[in-house]
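*Asks:* Attaching a single structure in structure tokens format; questions to follow.
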Amino acid sequence: MIPYPSIDPDVFRIGPLRIRWYGLMYVVGFIGAYFTIPRTRRSKEIGLSGEVAQDLLFWIAVGLIVGARLGYVLFYQYPYFDFYLSHPLEIVAIWKGGMSFHGGLIGSVVAGYFFCKKRKLPFWGVADSAVVAAPVGLGFGRIGNFINGELFGRVTDVPWAMVFPQGGPLPRHPSQIYEAIGEGLCLFVFMWVVQKKSDLPQGSIAALFLISYGVVRFCIEFFREPDPQIGFIFGWLTMGQILCAFMILVGSGLMAYFLGKRGN
């Protein structure tokens, strides 16, 4: 067993001002996306760089934060709908924690759609560029989860297991690290290589991201403790796995459509 490295979730405090590692990870992720997106093959084809790329990131940031919070409430807090209906301000209380990747993805797609209409850019071309950078933010976000000691794994006896302060006395999988490596580093390398080497039609890179992320997250969820307010669905599935299954289906359908369209 490896001791859990207890890290203060606050980077620093100045009076009432608190800068938290989790929030800082979001900032680092967006900075990484800022440097990544203009360098993708698709961005060079459609002219997505400079001030336009900055504008895109702003729209995505707003859509991601709003969507991630709403997704958390809708997907993971549905047993407590009555509470949120009685306390609607709690829905926007993002400082208390609780963000959903799948909700953030939906919010980003909606924001990206309106951005493309405003800028008169091809939606699927922009999507192809944005998804290449997405694993950067995902990886750093999972590191933030690890520092917070949240979203830990299931009980295990593997040599690298850790006892998380919020997870009781038993050793658990450090599933946040698995996700940082799988959804972050490995997925980024894969997406970067594919978008550089391939001549896939517009939209195919985005579809491939949906499939790839869905598969990676679905597999890692077997090591992650399900949310206590939901538990297992159908006796063995987690909410994350169900949402990822939808991602895989949507991504596969889009991939078939784009490849078939090129064939015609």
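None of the figures in this text is laboratory data; all of them are computed from the coordinates on show. None of the values given here were measured: they were computed from a predicted structure. Here the Cβ positions follow ideal geometry from the backbone for every residue, glycine too, while neighbour counts run over all protein chains shown.
*Asks:* How high is the FRET efficiency from C186 to I14, r the C-beta distance, R0 30 Å, rounded to 0.05?
*Replies:* Working from the Cβ atoms, E equals 0.20.
*Asks:* Sticking with this one: Going by the alpha-carbon gyration tensor, a ≥ b ≥ c the square roots of its eigenvalues, is region 1-109 rounded (a/c under 1.5) or, if a/c is not under 1.5, prolate (a/b greater than b/c) versus oblate?
*Replies:* It is oblate, given that a/c is not under 1.5 and a/b is not larger than b/c.
*Asks:* Estimate the FRET efficiency between E90 and K197 by the formula 1/(1 + (r/R0)^6), using the beta-carbon distance for r and 41 Å for R0, to the nearest 0.05. Show your work: numbers first, answer last.
*Replies:* On the way: r = 47 Å, r/R0 = 1.14.
Taking R0 as 41 Å, the efficiency between E90 and K197 is 0.30.
*Asks:* Quick one: grab the alpha carbon gyration tensor of region 71-159, order the square roots of its eigenvalues as a ≥ b ≥ c, and give me rounded if a/c is under 1.5, else prolate or oblate depending on whether a/b is larger than b/c.
*Replies:* Judged from the Cα gyration tensor, region 71-159 comes out oblate (a/c at least 1.5, b/c at or above a/b).
*Asks:* Also, I was wondering about something else. What is the extension gain from L74 to D227, computed as 0.36 nm multiplied by their sequence separation minus the C-alpha to C-alpha distance, in nm to one decimal?
*Replies:* Difference between extended and current length: 53.7 nm.
*Asks:* For E225, enumerate residues with amide H under 5 Å from its amide H, sequence gap 5+ or separate chain, H modeled in the peptide plane.
*Replies:* HN-HN under 5 Å from E225: G153, R154.
*Asks:* Right, something else. Skipping prolines and chain starts, which residues have an amide H placed within reach, meaning under 5 Å, of the one on L237, given they are 5 or more residues away or on another chain?
*Replies:* Distant-sequence amide H within range of L237: zero hits.
*Asks:* In debye, nearest 20, what is the charge dipole magnitude of region 10-263 about its Cα centre with +1 on Lys and Arg Cβ and -1 on Asp and Glu Cβ, if you could check?
*Replies:* 800 debye
*Asks:* If I stretch the segment between K117 and V62 completely, what's the gain in nm (0.36 nm per residue apart, minus their alpha carbon distance), one decimal?
*Replies:* Going from the current span to full extension adds 18.2 nm.
*Asks:* Set the Förster distance to 30 Å, then compute FRET efficiency between W160 and L249 from the Cβ-Cβ distance, nearest 0.05.
*Replies:* My answer for the efficiency is 0.35.
*Asks:* Another question, then. Any chance you could run the full-extension gain for Q54 through D82? It's 0.36 nm times the residue separation minus the Cα-Cα distance, nm to one decimal. Each step should come with its number before you reach the end.
*Replies:* Working: separation 28, 0.36 × 28 = 10.08 nm, distance 3.90 nm.
My answer for the length gained is 6.2 nm.
*Asks:* Another question about this same structure. Among (i) 58, 43, 38; (ii) 57, 54, 35; (iii) 51, 49, 31, which is the computed Cα extents along the principal axes in Å?
*Replies:* Step by step, Cα extents along the principal axes in Å for this structure corresponds to label (i).
*Asks:* Let me ask something additional. Compute the helix-to-body angle for 204-220: its Cα long axis versus the longest principal axis of the chain, expressed 0 to 90° and rounded to tens.
*Replies:* Long axis of 204-220 versus the principal axis of the chain: about 20 degrees.
*Asks:* Now for a separate question. Hey, if you drop one equal point scatterer on each alpha-carbon of region 118-264 and run the Debye formula without solvent, what base-10 log of I(q)/I(0) do you get at q = 0.19 Å⁻¹?
*Replies:* For the requested q values the scattering log ratios are -1.11.
*Asks:* I would also like to ask the following. If one takes the longest principal axis of the Cα atoms in the chain, at what angle in degrees, from 0 to 90 and to the nearest 10, does the Cα axis of helix 50-71 lie?
*Replies:* So the helix axis and the longest Cα principal axis differ by about 40 degrees.
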